[in-house]
Amino acid sequence: MAQDNSMLDGTIASIDAAVGRLGLENGMREVLVEPWREVIVGLPVKMDDGTVRVFKGYRSQHNASRGPYKGGMRYHPNTDLEHVRALGMLMTWKTALADVPFGGAKGGINVDPKELSTHELNMLTRRYTLSMHHVLGVNRDIPAPDLGTSAQTMAWIMDAYGSIHGHTPGIVTGKPIELGGSLGRAEAPGRGAAVVACRAIVDGGSTPEQSTVAIQGYGAVGSSAARTMFDNGAKVIAVSDIRGAITNSAGLDIDELDRTVAGGGSVSDLADGDRLNNDELLELDCDVLIPAAIEDVITTRNASKVRARIIVEGANRPITSAADQILVSENKKIIPDILANAGGVIASYFEWAQNIQVFKWELERVNRELDKLINRAYDITREQAERTGTTMREAAFDVAVGRVAEAIKIRGYVG
Ligand code: NAD
């Protein structure tokens, strides 16, 4: 049996396979794989108790052939250069597949944000921004929230960047609405995941109303995916967060879940359901599974126990490459991360465009344009898969890598 490899190795293997299928010329592979710029910074912060701690901050700018670098900021104890490099690569393919005018990047700080006070996080974020501002910019690199960061984090980055460059709302997306954030941005990745989940359900000959859904992770992506699946008529029968999972075969009460989480509780505190652990949630008998928490949750250890027939990657790289092979051999339909959670970067593009034009869109327009772009990305991926006999993941990579390679060629870097 194939072994689970690292997220970076898995991502590079996906690029290599696409390069082979597309027959790209020698040299192009190196330009596609190698990050264009990477920065590591030491971030001293005076903590509330007067001691000084030095954190490590990263930004991996993978590729900007189709537009400025774009990608999230992750605050997590596992954050390191390899991690942000893999995630930055995924952003390049995501923006290309969605056909928004950005490249790909990712950044982060090796920190457990839950251990820091709000004041300490504010100081840490400002220090990061001051250390990185020369490689950021509205036409250079535009961060957004990711695991462990939020609209508040973006507000701190915008403020620190603005103290050097002047008021620049377009420097980050996923900002608070009051500072130029876009309506619908926070819900967009989960909404997009639900839209493509419903497309996959219909392609499989069923309807959302006949379908049951389990979602791992009830943060920005998972909660919005749950809401949109529910609004589309599907039954959300299980959800989880880091503290536990809850299931109810009659369907969970989404309003109650939102209220519980907003009050600082765990989804597993919900009275109307049975408790599970996160492993059990992944193996639940349901039609659609949406892993929307972290990477590497479906591995060779549990892939053959997954019973859902459709898996929608709300999180980035929740399935290892070896687990992907097992699932494909069992005829599971997988909607890959670069398609499934592209709603986030699509709405970020709308936010950036609104900031540049100093013009605000109505929510209805954001959602309409989002649905249009994510459906278009789904259509082109499915057409490519049908035409070439590939999986949706392979097809998505072929479309995205092909677009980036074309931009690199036109710019005159290769060939
Ligand atoms: P978040 O911090 O808002 O929520 C994460 C959720 O996952 C929380 O409910 C948390 O309790 C849960 N969780 C964390 N570790 C877990 C574990 N080990 N087991 C089970 N649950 C766990 O994060 P988010 O923004 O929703 O991001 C989730 C995933 O989606 C990440 O992979 C992120 O890269 C990806 N993503 C986010 C966006 C975005 O705009 N927020 C866009 C695209 C992709």
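The values are calculated or read from the model by the stated rules, or taken from the named source; none is laboratory data. As the structure is a prediction and not an experimental result, all values here were calculated from the model. Neighbour counts are summed over all protein chains in view; Cβ atoms, including those assigned to glycine, are modelled from backbone coordinates with ideal geometry. Keep in mind that these areas ignore ligands, DNA and RNA; they rest on the heavy atoms of the full protein, side chains included. Shrake-Rupley method; radii C 1.70, N 1.55, O 1.52, S 1.80 Å.
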Legend entry - Low-density loop cleavage sites - GluC sites (Glu not before Pro) in segment 345-390, where at most 14 other Cβ are within 10 Å (DSSP): 362
Inset, instruction - Could you look at segment 204-311 and say what percent of its accessible area is carbon and sulfur, using a 1.4 Å probe and all protein chains? - result: 46 percent
Inset, instruction - Any chance you could list P(r) for segment 221-297, counting all Cα-Cα pairs in 10 angstrom bins from zero, rounded to whole %? - result: 19, 60, 21, 0
Legend entry - Accessible area of segment 136-202 belonging to carbon and sulfur atoms, whole % at 1.4 Å probe: 54 percent
Inset, instruction - Could you give me the percent of Cα pairs per 5 Å distance bin for segment 42-86, shortest bin first, beginning at zero and ending with the bin that holds the maximum distance? - result: 5, 18, 21, 19, 15, 11, 6, 4, 2, 0
Legend entry - Along principal axes, Cα extents of segment 293-372, largest first, whole Å: 50, 19, 15
Inset, instruction - Choose one answer from 83, 62, 134: the residue with the largest mean-square fluctuation in a GNM of the chain with alpha-carbon springs under 10 Å. - result: 134
Inset, instruction - Compute the signed sum of charges (Lys and Arg +1, Asp and Glu -1) over the other residues within less than 12 Å, Cβ to Cβ, of residue 327. - result: +3
Inset, instruction - Rounded to whole Å and ordered largest first, report the semi-axes of the equivalent ellipsoid of segment 271-321 derived from its Cα gyration tensor (root of 5λ). - result: 18, 12, 11
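Can you put 70, 235, 46 in order of accessible area, largest first, using a 1.4 Å probe? Each step should come with its number before you reach the end.
Details: 70 5, 235 85, 46 140 Å².
If we order 70, 235, 46 from most to least accessible, we get 46, 235, 70.
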Inset, instruction - Write down the Kirkwood hydrodynamic radius of segment 1-150, to one decimal in angstroms, obtained as one divided by the mean of 1/r over all alpha carbon pairs. - result: 16.2 Å
Inset, instruction - For the chain, state the semi-axes of the equivalent ellipsoid (square roots of 5 times the eigenvalues of the alpha-carbon gyration tensor), sorted largest first and rounded to whole angstrom. - result: 30, 27, 21
Inset, instruction - In debye, nearest 20, what is the charge dipole magnitude of the chain about its Cα centre with +1 on Lys and Arg Cβ and -1 on Asp and Glu Cβ, if you could check? - result: 1200 debye
Legend entry - Accessible surface, the chain, averaged per residue in Å² (probe 1.4 Å): 40 Å²
Inset, instruction - Measure out, as a whole number of angstrom, how far apart the alpha-carbon centroids of segment 310-332 and segment 229-274 sit. - result: 24 Å
Inset, instruction - Kindly flag which residue pairs out of 70/409; 94/305; 70/175; 106/305; 114/360; 175/333 have an alpha-carbon separation exceeding 24 Å in this structure. - result: 94/305; 106/305; 114/360; 175/333
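Can you list the equivalent-ellipsoid semi-axes of segment 120-273, largest first and in whole Å, using the square root of 5 times each Cα gyration tensor eigenvalue? Don't skip to the end; give the middle numbers.
Details: eigenvalues 254, 67, 25 Å².
Largest first, segment 120-273 gives 36, 18, 11 Å.
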Legend entry - Paramagnetic reach from residue 115 in segment 57-74 [backbone N under 20 Å; point 7 Å along Cα→Cβ]: 57-58, 74
Inset, instruction - Any chance you could get the radius of gyration and Dmax over the Cα atoms of segment 102-150, in Å? - result: 11.8, 34
Legend entry - Accessible surface of residue 352 - all protein chains present, 1.4 Å probe, nearest 10 Å²: 30 Å²
Inset, instruction - Express the relative contact order of segment 182-272 as a whole percentage, based on alpha carbon pairs under 8 Å and six or more residues apart in sequence. - result: 24 percent
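Hey, could you get me the Stokes-Einstein D for segment 1-64, Kirkwood radius over alpha-carbon pairs, 10 °C and 1.306 mPa s, rounded to whole µm² s⁻¹? Before the final figure, lay out the partial values.
Working: Rh = 15.1 Å.
So the translational diffusion coefficient is about 105 µm²/s.
Stokes-Einstein at 10 °C, 1.306 mPa s, Kirkwood radius from Cα pairs: D for segment 77-195 in µm² s⁻¹? Working shown, then result.
Details: Rh = 15.1 Å.
Answer, rounded: 105 µm²/s.
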Legend entry - Gap separating the Cα centres of segment 96-170 and segment 60-78, nearest whole Å: 10 Å
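Keeping every protein chain in place, order 100, 54 by accessible area at 1.4 Å, biggest value first, i.e. largest first.
Values: 100 0, 54 105 Å².
From most exposed to least exposed: 54, 100.
Where does the chain land at 222 nm, in deg cm²/dmol rounded to the nearest 500, when only DSSP H runs of n ≥ 4 count, each adding -39500 (n - 2.57), divided by all residues? Each step should come with its number before you reach the end.
Values: 14 runs with 186 residues, N = 415.
Taking each H run of at least 4 residues, the total per residue is -14500 deg cm²/dmol.
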Legend entry - Spatially proximal lysines relative to residue 46 (Cα-Cα < 16 Å; intrachain offsets below 8 disregarded): 56
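For segment 62-183, what is the relative contact order in percent, using Cα pairs closer than 8 Å and at least 6 residues apart in sequence?
Across segment 62-183, relative contact order equals 27 percent.
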Legend entry - Sequence of 131, 268 when ordered by accessible area, the most exposed leading, probe 1.4 angstrom: 131, 268
Legend entry - Probe 1.4 Å - accessible area at residue 410, Å² to nearest ten: 130 Å²
Inset, instruction - Determine the relative contact order of segment 229-280: mean sequence separation of Cα pairs under 8 Å and six or more apart, normalised by residue count, in whole percent. - result: 38 percent
Inset, instruction - Could you please tell me the mean projected area of the C-alpha convex hull for segment 46-116, averaged over all directions and given in square nanometres to one decimal? - result: 5.2 nm²
Inset, instruction - With a/c under 1.5 counting as rounded, go ahead and sort segment 312-415 into rounded, prolate or oblate using the C-alpha gyration tensor (a ≥ b ≥ c being the square roots of the eigenvalues; past the cut-off, prolate if a/b is larger than b/c, else oblate). - result: oblate
Inset, instruction - Run through every distinct alpha carbon pair of segment 206-360 and return the Kirkwood hydrodynamic radius in angstroms, one decimal place. - result: 16.0 Å
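Would you mind telling me the antiparallel percentage of the DSSP bridges in the chain, rounded to 5?
Values: 24 of 48 bridges.
Of the beta bridges lying entirely in the chain, close to 50 percent run antiparallel.
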